[in-house]
Amino acid sequence: MILAIDVGNTNIVIGCCKNGEILFSDRVSTNHTATSLEYAATIKTALDLNGIDTSELHGAVISSVVPSVTKAVASAAERFTHTEAMIVGPGIRTGLSIIIDNPAQLGSDLVVDAVAGIAEYPLPLIIIDMGTATTLSVIDGKGQYMGGMIVPGVAVSHDSLISRTSQLPKIALEPPRRVIGRNTVECLKSGILYGNAGAIDGLIERINESMGETCTAVATGGLAGVIAPLCRSKIILDDDLMLKGLMIIYEKNSEKKQ
């Protein structure tokens with residue numbers, strides 16, 4: 001059984017994989033000052049709540065876009081696996097062909113998403129990862145990572161707006177009851193959520209035009225379940241895309257060691 005962890009700026013996704021199956025997936029807040037022991041306690045809680053026997057864990061794989069947290073999380077994971085955690089980065093085989101200007105600049109989260117997307121869905125492909133930032137990754141019909149787009153995340157846009165205005169309240173990021181809001185809270189919900197959905201629709205349309213064909217669109221990430229249903233484009237929702245990619249990469253590199 002493999003412990004798979006995705007470290008993002010806002011959330012950390014913890015999951016376990018066994019025989020190609022994802023056993024569970026839980027999301028916790030990223031604590032930039034937490035120690036290895038504190039992260040170990042968090043991981044242990046997630047494992048216990050999902051009925052995982054830690055003695056069955058024999059490896060860990062981690063994707064992280066927060067360098068200051070990576071070491072603490074890896075050390076915490078190693079308490080349960082008793083082996084060095086595999087961290088996605090230089091020297092790790094992914095099988096992904098990256099044709100952007102500087103492949104080294106591509107975040108490990110986008111690499112992992114792309115690996116899973118290519119394995120799971122028809123090409124060409126657009127992967128929309130909705131986290132702290134909303135990223136769109138474009139993979140061509142040959143399975144090559146062409147590039148993409150970075151947009152301020154839904155929560156980032158919301159927090160920025162609230163922090164710069166005196167009379168706008170903080171709201172729950174949940175679907176509005178109507179498109180045309182009738183009070184301040186409804187107006188904020190409609191504007192932020194439908195605005196982001198409309199932006200994604202527009203970007204997908206422009207990518208398809210640039211590609212000269214219709215791409216499969218897949219959404220993942222913390223707020224994908226809220227925004228994707230509001231889009232007019234056909235978008236597949238896959239909450240486990242990152243864990244699937246981590247599982248594939250772990251297996252590729254385990255085979256390499258053998």
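Any read-out appearing in this document is the output of simple, stated calculations on the displayed coordinates, not a laboratory observation. This is a predicted model, so every value here is computed, not measured. Please note: Cβ atoms are built from the backbone with ideal geometry, for glycine as well, and neighbour counts cover all protein chains shown.
General remarks:
- All Cα pairs of the chain, percent lying beyond 32 Å: 26
- Mean Cβ count within 10 Å, highest first, over the residues of peptides 23-33, 112-122: 112-122, 23-33
- Relative intensity of the range 173-258 on a log10 scale, I(q)/I(0) at q = 0.14, 0.23 Å⁻¹, equals -0.63, -1.05, per a Debye sum over C-alpha point scatterers of equal strength in the absence of solvent.
- For the range 155-217, the equivalent ellipsoid built from the Cα gyration tensor has semi-axes of 29, 13, 8 Å, listed from largest to smallest.
- For the range 139-146, the Karplus equation 6.51 cos²θ - 1.76 cosθ + 1.60, evaluated at θ = phi - 60°, returns couplings of 10, 7, x, 8, x, 9, 6, 7 Hz by residue, with Gly and Pro reported as x.
- For the range 209-225, Karplus couplings with θ = phi - 60° (6.51, -1.76, 1.60), whole Hz, Gly/Pro x: 4, 5, 7, x, 7, 8, 8, 5, 10, 10, 10, 8, x, x, 10, 4, x
- Taking Cβ atoms as reference points and 13 Å as the exclusive limit, the residues near ASP53 contribute a net charge of 0, counting Lys and Arg as +1 and Asp and Glu as -1.
- In this label model, HIS58 and LYS170 are separated by 4.6 nm, measuring between points 7 Å along each Cα→Cβ vector.
- Each peptide in 189-195, 174-180 gets a packing score, the mean of other Cβ atoms within 10 Å over its residues, and the list from highest to lowest is 189-195, 174-180.
- 3J(HN,Hα) couplings calculated from phi for the range 103-111 with the Karplus curve 6.51 cos²θ - 1.76 cosθ + 1.60 (θ = phi - 60°) are, in sequence order, x, 5, 7, 6, x, 4, 5, 6, 4 Hz; Gly and Pro show x.
- For ALA217, the residues whose amide H sits under 5 Å from its own are ILE126, ILE236, ignoring neighbours fewer than 5 places away on the same chain, with H placed 1.01 Å from N.
- Taking only the C-alpha atoms of the range 2-87, Rg followed by Dmax gives 11.5, 34 Å.
- Two-site FRET efficiency, SER75 against LYS252, from Cβ-Cβ distance with R₀ of 25 Å, rounded to 0.05: 0.55
- Only Cα sites of the range 30-143 enter the Debye sum here, all with the same form factor; the resulting log10 I(q)/I(0) across q = 0.10, 0.14, 0.23 1/Å is -0.38, -0.71, -1.26, listed in q order.
- Cβ-based net charge around ASP201, under 11 Å, with every Lys or Arg adding one and every Asp or Glu removing one: +2
- What the Cα convex hull of the range 97-244 gives, in volume per residue, is 113 Å³.
- Pairwise centroid distance, computed over Cα atoms, of the range 70-120 with the range 188-249, Å: 22
- Given in Å, the Rg to one decimal and the Dmax to the nearest whole number for the Cα atoms of the range 48-88 are 10.9, 30.
- Value at 222 nm in deg cm²/dmol, rounded to 500, when DSSP H runs of n ≥ 4 in the chain each add -39,500 (n - 2.57): -11500 deg cm²/dmol
- Neighbourhood charge, 15 Å Cβ-Cβ cut-off, centred on ILE180 and excluding it, Lys, Arg +1 and Asp, Glu -1: +3
- Other-chain or far-sequence residues with amide H under 5 Å of PHE24's (modelled H): CYS16
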